[in-house]
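Only the coordinates and a few stated rules stand behind these numbers; no lab work does. Quick caveat, the model's predicted, so the values are computed rather than measured. When we count neighbours, we look across all protein chains shown, and the Cβ atoms used for this are built from the backbone with ideal geometry, even at glycine.
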Amino acid sequence: MDNDNKLDRFLKLGKAGEGTYGVVYKAKNKLTGKNVALKKIKLQKFYNKGCSEGVPSTAMREITLLKGVRHSSIVELLDVMYTTDKLYLVFEYLDLDLKRYMDHSKQPLEAELVKNYMKQLLDAIAYLHSHRILHRDLKPQNLLVDKEGHIKMADFGLARSFSLPTRTYTHEVITMWYRAPELLLGEKMYCTGVDIWSLGCVMAEMLMKRALFPGDSEIDQLYKIFRIMGTPQEDDWPGVQLLPDFKAAFPKWLPKNLRDIVKFNNTEEEILLKEMLTYDPAKRKTAKELLKYNYLKTAKLTTPDLTAFPVEETIDEAGPS
Ligand code: ADP
Ligand code: MG
């Protein structure tokens, strides 16, 4: 296999970001002059499913599947290269992730921008779910934005063949802020609703400019959710008490009015968010259903305010541009 040679086609320009599995580089394809994101995954540490070295066959199957994913709001996987201990994924490059954008903006995102982003993200989720792909790790760090107003999902799919790690390669704790309550309560048969919950948390954060449920441990995460949404009960979530990690001794908080916590711009926004943060995964609406909501009917491409981001131009090496 000449994957090492294939790698020579790319010129590393710098670090684009860091995540769970390793560093993501900004690189340039020397042939086309296009910028790409080069994601390096070291394999030994993360193998599972009975594979002792190399790319697990489940991961390979999944990557093949991801290469077939084409959607305007999903970062395109352009190529895959692998050696015995490393996997390189080549993606289209976007300048900024939503976390950095929110960290730098002085105010919550504009109502029109939130709507624009929610429309694109629900569209992408509906597409993924219709192809039986779960994202499982939707969070601002995994959503990339550009100056035209597009938002694209990154970092999906692989999570299914690799076990969900709890710490990154630099030993940072992986955030649980966007994790659905059924996952936190140990449900093994979770489904598409986990992505809808995460997207709800992201929407709230765009409106609040801070995280809705910023837990720092699994139990703190659950309690952060319970304090706002109320401790889940059998009548709003049948079967919740049977979940592996549900405890009868959980403190019983009453639900608060979301309106007192999130500063909504209008009631349509409020309705959509409430649907997404429905406790019972069976009652949580699907992306396809949510796309029919009035709120999204008036969504249009809206540009983010990037004045605080002087887009740093990387020095171009010789070659076509
Ligand atoms: P991990 O699985 O390790 O979390 P990600 O794919 O989420 O890796 O990438 C880590 C970070 O790298 C992201 O949070 C983002 O800042 C940056 N990044 C990832 N993909 C791209 C891309 N296609 N274009 C630009 N930056 C990216
Ligand atoms: Mg990530």
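General remarks:
- Of the trypsin sites (Lys or Arg not before Pro) found in the stretch 204-297, those that fall in a DSSP loop while having at most 12 other beta-carbon atoms within 10 Å are ARG210, LYS247, LYS252, LYS256, LYS263, LYS283, LYS292.
- Under the combined filter of DSSP loop state and at most 12 neighbouring Cβ atoms within 10 Å, the stretch 70-160 retains these GluC sites (Glu not before Pro): GLU148.
- Two-site label geometry, ASP305 and ASP79: point separation in nm, points 7 Å out along Cα→Cβ: 4.0
- Within the same chain, lysines fewer than 8 places from LYS300 are excluded, and of the rest, those with a Cα less than 17 Å from its Cα are LYS115, LYS119, LYS147, LYS152, LYS292.
- Among the listed pairs LYS256/LYS288; LYS67/LYS188; LYS106/LYS256; LYS12/LYS34, those beyond 18 Å (Cα-Cα): LYS256/LYS288; LYS67/LYS188; LYS106/LYS256
- Amide hydrogen proximity for LYS86: with H placed 1.01 Å from N in the peptide plane, the residues at 5 or more positions away or on another chain lying under 5 Å are LEU43.
- Extending 7 Å from Cα along the Cβ direction at ARG61 and again at SER217 yields two label points whose distance is 3.8 nm.
- Sites ASP280 and GLU92, calculated FRET efficiency, Cβ-Cβ separation with R0 56 Å, nearest 0.05: 0.90
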